[in-house]
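Structure, as structure tokens:
The values are calculated or read from the model by the stated rules, or taken from the named source; none is laboratory data. Quantities reported herein were computed from a predicted structural model and do not represent experimental measurements. All Cβ positions, even for glycine, are placed from backbone atoms using ideal geometry, and neighbour counts span all protein chains on display.
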Amino acid sequence: MIRQLKTIGIAAVLFACLPLFLNAYWIDVLNSVGMYAILGLSLNLIVGHTGLFNLGHAAFYAVGAYTAAILNTKFQIPVLLLLPVCGFAAGLFALIVSKPIIHLRGDYLCIVTIGVGEIVRIALINDVFGITGGSNGIFGISRPSLFGFVIRTPLEFFYLIWAFAAITVLLFHLLERSRFGRALNYLREDEVAAEGSGINTAHYKLASFVIGAAWAGMAGNLFAAKMTIISPDSFTFWESVVMFAIVILGGSGSIPGVLVGAFLIVGLPEVFREFANARMLVFGAAMMVMMVFRTQGLLPARPRPYAIPALPEGEGGE
Amino acid sequence: MEQFFQQLTNGLAVGSIYALIALGYTMVYGVLKLINFAHSDLFTLGAYLGLTLLSSLLLVDRLGPLGGALVLAAMVMGLVAVAGALLDRVAYRPLRESPRLSAVVSALGASIFLQNTIMLIYGARYRVYPPDILPKASIHMLGVDIPLVRILILGASVIMMAGLFVFIQKTRIGTAIRAAAIDQGAARLMGIDVNRVILLVFMVGPALGGAAGLMVGLYYGQINFTMGWGYGLKAFTAAILGGIGNIPGAMVGGILLGLIESMSAAYLSFAWKDAIAFCVLILILIVRPTGLLGERVAEKV
């Protein structure tokens, strides 16, 4: 355990020094990786741990981003102060839409989440309530500032995004180890048995969905702060597909897996730039090949050992 | 009233195109429990192959409009069926025993691959079908003029769907497909070669999807390499609406979705038509969680 912490600590310090050797372009790529890592981790709770087939995660990301953009441009509230508000808005939205549909089985839930994603995107394009700016989106979102220090350059955003990603990793790690996380895994593996053991499956599914969505909403806030312009184009079905692929390709239910997945899915198209027009073709082929050769994902979740206290003599056992 | 009938026939035509694509989704799902996301790109492939064959073979000039269209459709369906079989072999067969969501990601990868292959071959711009393939006639019916293309599309889809229905319900191979969908293990014990059934499903489904692609080309006159996303999503919605895995369900769902879409575009709001279609889907699923006709596949407890 101590050794593991040491390794993680050293890796984190090395990673934090990395941007000193990179130009602004590659730092920006790393920032994208960080954003998708946060999104992937939030989706991992829903898809990986609970086994709910969510292909509309971009909807919650969009709700968070637009909440930040609207409140910031209309009321000049500092963007980073809005983080909890964005999380709350996305979570509330997820609660409202998923409450009636959470009991749907696998693929039925999948199409409904796709549908929710599309409805949100169409609503944004059609300037719903007259506040989303239609297909042009919203511009002029102010730069985030932390204790009076305004964050502008890719390098500064690198530390903001990856600090948030680190917090995300820590919190989701604790959540995964908790009683709550075990309950989610149980109902993923066998819903009937979980229900039989007294786990309120509908409640836990809903909770996992809402927490994942709220986290995506906060990622939306960071996205709005980073881009200063947001439009419905950033929240298409394709975004949901990317997040989903990150989770499954990296290793469903595994935090290191999701991080590796984010690096591959966001990074590979950059590496493949030399193929020019064929780069997405190579990317699609790579996705297939990786899935065929690593069906469990690149870094699958390992079973967690639990020490069972030894039984006293005479009870059970021999 | 005239607008109503125009929208009705338009909705039926578009709906039957959705239904043809939806059949591909639902048949594969029935046997493999896999959402074949690359199906939408096989549909696009059908549209592009149709364009190539039309312009290179001069079918219409040699065989007349109807004969030419028939031969063209047969060729497109055959080629897309081969592509479907190849897709299964490369992207799905190695993943038969692995977690279901892994196969979904492989399907998404296959979809990206196919879409970009089409783009590299044909270019990213819209391509236009020659306008003079089918006669520009229209038929006077119910007090309105209905374009001939629309009626041909509707008729051809109905014939293909009826053929499929008879094939699935009345023939030995159809029975094997249904058996494999209910219980693969038991079907194998009864001497059914399940891998051949899956291969067959991956040929019949894409063949219908390819025909639908050709119809879109003929109906709207222009095609694009990304058009599969939109149609695929709609067709998948239709398959779920009817109850995925259920063949008559896909037909009903497709037609219904086409009607909902054209009616809401005409009477409610054009900009919101897709959102309305999804809202109706969600409402129906809240009331009937396994779609309109339910699922024929037994639930394992």
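Can you name the residue in the range A:263-296 that is in contact with a Ser or Thr (Cβ under 9 Å, 6 or more places away or on another chain) and closer than 22 Å to A:Gly56 by Cβ and, of all such residues, is farthest from the other protein chains (Cβ to nearest Cβ)? The qualifying residue farthest from the other protein chains (Cβ to nearest Cβ) is A:Val266.
Conditions (1) in contact with a Phe, Trp or Tyr (Cβ under 7 Å, 6 or more places away or on another chain); (2) without any contact (Cβ under 8 Å) to a residue 40 or more places away in the chain; (3) under 22 Å from B:Phe43 (Cβ atoms); (4) aromatic (Phe, Trp, Tyr), marked per residue:
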position: B:Ala180; (1), (2), (3), (4): no, no, no, no
position: B:Asp193; (1), (2), (3), (4): no, yes, no, no
position: B:Leu199; (1), (2), (3), (4): no, no, yes, no
position: B:Phe202; (1), (2), (3), (4): no, no, yes, yes
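Scanning the range B:156-163 turns up no residue that is surrounded by fewer than 19 Cβ atoms within 10 Å (Cβ to Cβ), of a type outside the set (Val, Ile, Thr), assigned to a helix (DSSP H, G or I) and at pLDDT below 85.
Among residues of the range A:100-117 being more than 7 Å from chain B (Cβ to nearest Cβ) and of a type in the set (Gly, Ala, Ser), the one that is surrounded by the fewest Cβ atoms within 10 Å (Cβ to Cβ) is A:Gly106. Taking the criterion of being over 30 Å from B:Gly185 (Cβ atoms), away from chain A (no Cβ under 14 Å) and not β-branched (Val, Ile, Thr), would at least one residue in the range B:78-89 satisfy it? Yes, there is a match, as at least one residue in the range B:78-89 is over 30 Å from B:Gly185 (Cβ atoms), away from chain A (no Cβ under 14 Å) and not β-branched (Val, Ile, Thr). Annotation: A:Ala310 fulfils all but one of (1) within 19 Å of the chain's Cα centre (by Cα); (2) away from chain B (no Cβ under 12 Å); the unmet one is (1). For the range B:124-155, the tally of residues that are in a helix (DSSP H, G or I) and closer than 15 Å to B:Gln222 by Cβ stands at 1.
Of the numbered criteria (1) over 19 Å from A:Gly212 (Cα atoms); (2) β-branched (Val, Ile, Thr); (3) in a helix (DSSP H, G or I), the one A:Thr132 fails is (3). Filtered by the rule that a residue be surrounded by 15 or more Cβ atoms within 10 Å (Cβ to Cβ) and either under 24 Å from the mean Cα position of the chain (by Cα) or touching a residue at least 40 places away in the same chain (Cβ under 8 Å) (or both), the range A:118-133 gives A:Glu118, A:Ile119, A:Val120, A:Arg121, A:Ile122, A:Ala123, A:Leu124, A:Ile125, A:Thr132, A:Gly133. Within the range A:135-152, restricting attention to residues that are exposed (fewer than 15 other Cβ atoms within 10 Å of the Cβ) and closer than 25 Å to B:Phe270 by Cβ, the residue that is farthest from the other protein chains (Cβ to nearest Cβ) is A:Asn136.
Within the range A:239-254, being within 11 Å of chain B (Cβ to nearest Cβ) and assigned to a loop (DSSP other than H, G, I, E, B) holds for A:Gly251, A:Ser252, A:Gly253. Scan the range A:265-318 residue by residue and report those that are among the aromatic types (Phe, Trp, Tyr), surrounded by 16 or more Cβ atoms within 10 Å (Cβ to Cβ) and modelled with pLDDT under 80. The answer is A:Phe272, and nothing else.
So which residues in the range B:262-282 are over 15 Å from B:Gly232 (Cβ atoms), within 13 Å of chain A (Cβ to nearest Cβ) and not hydrophobic (A, V, I, L, M, F, W, C)? Scanning the range B:262-282 gives B:Ser264, B:Ser269, B:Lys273.
In the range A:139-150, the residues that are closer than 22 Å to A:Asp233 by Cα form Cβ pairs under 7 Å with partners that are outside any loop (DSSP other than H, G, I, E, B) and among the polar types (S, T, N, Q), at six or more places apart or across chains, as follows: A:Gly140/A:Thr73; A:Ile141/A:Asn72; A:Ile141/A:Thr73; A:Ser142/A:Asn72.
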